[in-house]
Amino acid sequence: MLATLAAAAVILNSPATFETPEAKNKRMAWWREARFGMFIHWGLYAQAAGTWDGKKYGGGVEWIMNFAKVPVKDYEPLLKQFNPVKFDAKEWVSIAKNAGMKYIVITSKHHDGFALWDSKVSDYDIMATPYKKDILKALAEECRKQGMKLGFYHSIMDWHHPDYGLRRPWDPRPEAGKPDMDKYVAYMKGQLKELLTNYGDVATVWFDGEWEEPWNHERGMDLYKYVMALQPKTIVNNRVDKGRSGMAGMTQGDHAGDYGTPEQEIPGKGIPGVDWESCMTMNGTWGYSAHDLNWKSSETLIKNLVDIASKGGNYLLNVGPTGEGLIPDASVERLRDMGAWLKVNGRAIYKTTASPFARSAYKWTQSKGVLYCHVLVWNPGSIQLPGIRTRIESISLLTPTGEKKLEFTQNADTVTTLLPSSAPTQVGGVLALKYKGTLDVTQTAIRSGSDGTYTLNPSNGDVNGSNLRQEESWFGFWTNNNDKIVWDIELPAGVSYDVVVEYACEPGNGGVLNISIDSASMNTKIESTGSWRTFTKVKSGMIALPKGKYRLIASAKEMNQALCNLKSIRLVPQR
Ligand code: FHN
């Protein structure tokens with residue numbers, strides 16, 4: 001027994017895991033294959049729909065109690081209004097399934113403390129509303145019927161419970177006495193025990209609200225062990241503990257948690273051996289807002305899915321149902337488009353692993369014996385795929401009617417094939433390159449497109465820096481003077497190029513962007529374009545260099561607060 005305890009102690013001190021790597025791999029297997037899940041933010045805040053006392057709020061309006069500084073006594077009346085009579089578990093699960101999502105994570109309790117299930121340890125739950133039916137019970141039953149995995153989001157931070165260690169400043173509630181965090185944790189464990197014993201297999205527990213002072217590493221490690229003891233097969237995100245590095249979401253050091261949780265962003269590169277999931281909204285809010293119509297396009301959502309999968313991550317895409325229990329039409333339409341794309345290309349997403357290329361003009365995923373090249377911008381005609389030394393046996397285009405074989409040639413390390421005139425889906429198409437044996441790829445320098453233009457962007461650039469990173473389709477967070485971007489390119493003989501910079505800059509920011517390549521160096525004044533998403537193109541200078549391989553470096557010569565969002569640097573052959 002002592003030996004076992006000693007062994008357990010050793011594992012306990014390893015990076016916050018309580019099992020062997022083999023056991024963890026077994027436990028994580030379904031999640032690593034799933035790649036795509038639905039996040040559902042739903043609760044009393046849906047009834048408010050982003051407005052309080054006639055004032056409209058922006059951002060994540062599941063925070064409206066906080067934004068509008070609503071005391072508990074004035075928020076609780078929502079209990080009597082929340083009556084989601086149009087909630088239909090079968091419809092919700094079917095929407096997720098038809099979208100190609102493999103798991104659902106729903107807010108069992110968000111920061112406002114309201115419980116979506118029939119909790120015996122709280123009267124602040126769905127049974128206190130006119131609806132009086134256990135939402136999570138209905139959802140769990142339907143998920144089992146449809147073979148959909150179900151996980152629970154659970155907020156550690158609780159703006160309602162009097163014992164949560166930090167009351168809202170505008171709602172001190174002295175009459176409730178001094179908060180007792182130990183009592184609160186006992187209450188939270190009581191609710192988690194209900195969730196983890198009464199609703200069948202819980203695929204994952206998605207903690208949140210861990211960032212405030214009352215929560216600490218010791219409590220996080222204890223809570224992780226508590227959850228694992230109740231459901232040893234579940235997996236727990238890194239927000240159970242204090243190891244999350246802000247919105248970048250990856251776990252620092254020996255903290256509990258099975259996967260990282262980047263939020264509203266996609267890491268610039270995947271991290272081999274690290275499990276992570278980017279959670280993102282479709283518009284600007286997690287909870288339902290009647291007036292946030294800033295919907296991302298289906299194309300953007302599909303490209304996000306591909307980008308994330310190409311880096312070995314999962315995409316947890318959010319819907320915020322209405323107070324009546326309906327998933328907004330705009331969300332349903334986009335999920336339908338994603339499902340249609342995945343019907344054709346799902347095998348290039350599910351059960352795949354990250355791209356073998358550190359950089360490429362294309363997004364790649366892979367599975368045993370197959371490389372998937374995601375050609376998201378469709379230019380019919382010849383396409384070159386550099387860096388592939390393994391002998392390719394065949395190339396097929398994935399289409400709605402099955403695989404379409406393509407002719408191809410292969411020299412030392414470049415495969416060339418011809419893209420047909422039209423793309424098989426609304427967002428490009430996927431080439432399946434099949435091979436036998438082990439994969440052998442090289443990291444080649446960036447080459448030009450068929451028109452001779454070099455497009456340098458986040459898909460093929462490397463960041464040397466602390467804050468600068470990919471944000472959607474550009475480099476963002478350029479707030480550190482020392483951060484820079486590097487591209488390795490291969491130039492042909494005798495061509496002169498115009499250097500064209502595409503950037504966006506919010507008023508009050510900007511400076512001077514320096515671009516250097518070999519002995520050439522040029523400065524571009526970065527001025528406001530009106531917003532971080534309003535892009536403009538400016539000619540920075542020109543280069544004419546002998547044939548060869550070069551390193552082009554973009555850096556900040558001068559900077560006010562932030563330099564810019566850099567979408568691309570293009571080398572355009574002078575005509
Ligand atoms: O404060 C929450 C927010 O409301 C939302 O739930 C997101 C989803 O990941 N998490 C927190 C912000 O990081």
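A short reminder: the numbers here are calculations on the coordinates, not readings from a lab. Note that the structure is predicted; figures quoted are calculated from it, not measured. As a convention, Cβ positions derive from the backbone with ideal geometry for all residues, glycine included, and neighbour counts pool all protein chains shown.
Taking the longest Cα principal axis of the chain as reference, the axis of helix 2-12 is set at about 60 degrees. Relative to the longest principal axis of the Cα atoms of the chain, helix 135-146 runs at roughly 50 degrees.
Between the Cα long axis of helix 89-98 and the first principal axis of the chain there is an angle of about 10°, rounded to the nearest 10. Once C-alpha pairs closer than 8 Å and six or more residues apart are averaged by separation and normalised to the residue number of the chain, the relative contact order reads 11 percent. Beta-bridge orientation, the chain: approximately 75 percent antiparallel, per DSSP, counting only bridges with both partners inside. Close Lys pairs in region 191-270 (alpha-carbon distance under 18 Å; sequence gap of 8 or more, or different chains): 4.
The peptide list 338-348, 388-398, put in order of mean Cβ contacts within 10 Å with the highest first, becomes 338-348, 388-398. Label zone (residue 212, point 7 Å along Cα-to-C-beta; backbone nitrogen cut-off 19 Å) within region 182-205: 182-192. Using a 4.7 Å Cβ-Cβ cutoff, the cysteines of the chain lacking any partner cysteine are 143, 279, 373.
Remark: the residue 439-residue 55 segment gains 132.4 nm on full extension, using 0.36 nm per residue and subtracting the alpha carbon distance. Run the paramagnetic zone check for residue 561: 7 angstrom along Cα to Cβ, then residues of region 521-538 with backbone nitrogen under 13 Å. Answer for this model: 528-532.
Among rounded, prolate and oblate, which fits region 403-479 when a ≥ b ≥ c are the square roots of the eigenvalues of its C-alpha gyration tensor, a/c under 1.5 means rounded, and a/b larger than b/c means prolate? Since a/c reaches 1.5 and a/b is larger than b/c, the shape of region 403-479 is classed as prolate. Among 549, 311, the order by Cβ neighbours within 10 angstrom, fewest to most, reads 549, 311.
Over region 279-427, Cα pairs under 8 Å with separation of 6+ residues give a relative contact order of 19 percent.
Spin-label model, residue 553/residue 418: points 7 Å from Cα along the beta carbon direction are separated by 4.4 nm.
At an R0 of 60 angstrom, the distance between the Cβ atoms of residue 404 and residue 123 translates into a FRET efficiency of 0.50. Could you name the lysines whose alpha carbon sits less than 19 Å from that of residue 86, not counting residues in the same chain fewer than 8 places away? Once the sequence-local lysines are set aside, what remains near residue 86 is 132, 133, 137.
The ranking of 187, 45, 224 by Cβ neighbour count inside 10 Å, starting from the fewest, reads 187, 224, 45. Could I get the Rg over Rh figure for the chain? Both from C-alpha atoms, Rh via Kirkwood, rounded to two places. Radius of gyration relative to Kirkwood radius: 0.99. Please check which bits of region 300-329 a label hung off residue 81 would reach, taking the label as a point 7 Å along Cα-to-C-beta and the cut-off as backbone N under 20 Å. Output list for this probe position: 320-328. Quick one: which of 102/189; 303/368; 303/484; 303/343 span more than 18 angstrom between C-alpha atoms? Listed pairs above 18 Å: 102/189; 303/368; 303/484.
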